[in-house]
Amino acid sequence: MSTLAIEGMQWGDEGKGKLTDYFASRAEVVVRSQGGNNAGHSIVRDGKRYALRLLPSGIFNENVINVLADGMVINPMALIEEINGLKEQGVTKFNLLISNRASMLLPYHIAIDHAREKMLGNAKIGTTGRGIGPCYEDKAARLGLRMGDLLDLKQLDERLSSELAIKNAELKAYGAEPVSKEEIMKGLMEVRDYLVPHITDTSLFLQKCIKENKKVLFEGAQGAMLCLTHGTYPYVTSSSPLATAIPVNTGLPLTAVNAVLGVMKAYTTRVGEGPFPTELHDEIGDQIREKGHEYGTVTKRPRRVGWLDLAVLKYVKNISGITHVGLMLLDVLGGLDEIKVCTGYKINGETIDYMPCDVSTYTKVEPIYKTLPGWKEDISNILNYEDLPENAKNYVREIEKALEVNVSMVSVGPDHSQTIIREELFRD
Ligand code: GDP
Ligand code: IMO
Ligand code: MG
């Protein structure tokens with residue numbers, strides 16, 4: 001296979017960054033195609049931790065071209081801040097292409113995100129507060145600016161003026177402060193010189209790569225259950241993290257994605273509001289949160305923690321066409337006497353094994369659990385699958401049986417090296 005997509009199968013934070021970084025050394029191109037700096041991808045290399053938000057996780061490989069593609073929402077100031085932060089951590093080369101079609105996320109999107117969450121009160125989404133929803137709204141409304149607008153100052157000025165006439169009226173309606181065009185232009189002028197040489201038609205570039213059989217890795221952001229259409233609406237993000245959305249978000253044909261590696265944690269986490277049937281509100285939940293360091297990369301919020309939900313994973317496999325699975329953070333479950341997995345739900349006396357569309361129904365489902373024996377050993381230094389404790393292998397088999405997909409890799413720690421390979425993917 002010359003292309004591989006990496007998709008989060010739960011509510012985000014499954015370890016996509018670690019796996020993308022793992023495969024990036026074999027890739028020629030790494031592409032982010034949706035979302036923005038709501039994503040937080042942690043990577044640990046040689047004991048050093050990096051947090052990526054907008055940049056693809058191929059950035060540590062000097063020979064890889066990293067692409068921020070058409071379907072992304074990009075805050076230019078945040079991008080520069082991220083690049084500067086990485087420079088301070090010793091990253092020197094930024095082989096980066098930015099789509100001229102990607103939406104430009106500006107300060108008023110952030111202000112609207114905050115104002116709206118405040119107005120929603122108890123019904124808030126629990127967004128990352130990075131302006132993601134309001135920026136995608138502007139794109140759908142055909143109002144918003146695109147990264148290509150940075151290339152033409154006159155056009156940039158005109159588009160920003162007409163956009164702000166509407167956005168400041170909206171902010172006023174929320175009782176929030178208007179934003180100043182001069183300040184936004186000043187901020188953009190500070191970053192423009194650096195960004196302009198990187199802005200291009202990435203769709204044309206990627207089409208050429210596919211034609212030349214280049215090795216292209218697509219790095220998903222968020223997770224399938226946060227999909228705007230197929231997730232737990234309205235408690236979702238404003239793009240589709242599904243691999244099936246990659247073609248339209250990159251300007252590539254359907255056939256451009258050869259395989260889809262679904263990434264899942266060995267348990268479940270969620271940040272923000274919304275239904276979570278297997279959520280744990282007890283000591284086991286706290287124990288998993290602490291052992292897995294389950295605190296948000298972007299907002300530092302404690303992540304909600306729960307048992308693995310096979311009904312969610314089956315649902316996601318079916319809507320995404322997952323061909324392989326990467327099982328992450330298996331080490332975190334070590335030490336538990338027993339581990340539960342949810343195999344389906346009970347609702348109104350009926351048993352179902354899929355996610356109901358309506359969020360108020362989904363909030364009421366009662367999970368059906370199967371209890372599996374745990375293991376006591378520390379597995380974080382194991383590199384051969386056969387050396388895992390029998391009960392850990394049994395856990396993996398249970399997942400494979402339910403999903404009818406092979407678990408191709410098992411991650412037993414945050415570091416690049418703590419990865420068990422069962423099936424070589426993305427090799428020549
Ligand atoms: P992403 O958003 O999908 O890239 O995931 P995040 O980086 O937000 O969250 C995953 C967290 O788990 C990060 O802190 C990783 O360093 C960490 N991590 C990844 N794989 C493993 C693993 O196998 N074991 C442990 N203990 N931590 C891991
Ligand atoms: P990565 O790529 C986990 C969640 C937010 C909130 C909802 C909407 O690191 O897996 P938004 O700011 O997108 O409008 O927030 O989506 N969310 C994430 N949760 N990981 C992410 O990204 C997320 N990106 C957004 O917490 O519930
Ligand atoms: Mg994350």
Filter pass, LEU160 being in contact with a Leu (Cβ under 7 Å, 6 or more places away or on another chain) and either under 15 Å from PRO107 (Cα atoms) or assigned to a helix (DSSP H, G or I) (or both): yes
Those residues of the stretch 267-300 that are away from ligand 2 (no atom under 12 Å from the Cβ) and among the β-branched types (Val, Ile, Thr) come to a total of 3
Residue, nearest to ligand 1 (Cβ to nearest atom), within the stretch 277-292, restricted to residues that are assigned to a loop (DSSP other than H, G, I, E, B) and touching a helix residue (DSSP H, G or I) at 6+ places or on another chain (Cβ under 9 Å): GLY292
Under 25 Å from LEU327 (Cβ atoms) and polar (S, T, N, Q) - does that describe any residue in the stretch 258-267? yes
Restricting to the stretch 301-351, and then to whatever is small (Gly, Ala, Ser) and open to solvent by 20 Å² or more (accessible area, probe 1.4 Å), can you tell me which residue is nearest to ligand 2 (Cβ to nearest atom)? GLY321
Using beta carbons and a limit of 8 Å, which pairs, at least six apart or on different chains, have the first residue in the stretch 137-157 and open to solvent by less than 10 Å² (accessible area, probe 1.4 Å) and at pLDDT 95 or above and the second one assigned to a loop (DSSP other than H, G, I, E, B) and of a type in the set (Gly, Ala, Ser)? ASP138/GLY144; MET147/ALA102
Are any residues in the stretch 26-59 out of contact with any Lys or Arg (no Cβ under 8 Å at 6 or more places or on another chain), among the β-branched types (Val, Ile, Thr) and open to solvent by 10 Å² or more (accessible area, probe 1.4 Å), and if so, which ones? none
Filter pass, GLU7 being within 16 Å of ligand 2 (Cβ to nearest atom), part of a loop (DSSP other than H, G, I, E, B), open to solvent by less than 40 Å² (accessible area, probe 1.4 Å) and of a type in the set (D, E, K, R): no
Hey, any hits in the stretch 351-359 for a residue that's free of Cβ contacts under 8 Å to residues at least 24 places away in the same chain and among the charged types (D, E, K, R)? yes
Per-region count, the stretch 41-87, residues part of a helix (DSSP H, G or I) and either more than 26 Å from ILE110 (Cα to Cα) or of a type outside the set (Asp, Glu) (or both): 10
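The values are calculated or read from the model by the stated rules, or taken from the named source; none is laboratory data. These numbers were taken from a predicted model, which means no experiment stands behind them. Positions of Cβ are generated from backbone atoms using ideal geometry, with glycine treated the same way; all protein chains shown enter the neighbour counts. Surface areas here come from the heavy atoms of the whole protein model, side chains and all, with no ligands, DNA or RNA. Shrake-Rupley method; radii C 1.70, N 1.55, O 1.52, S 1.80 Å.
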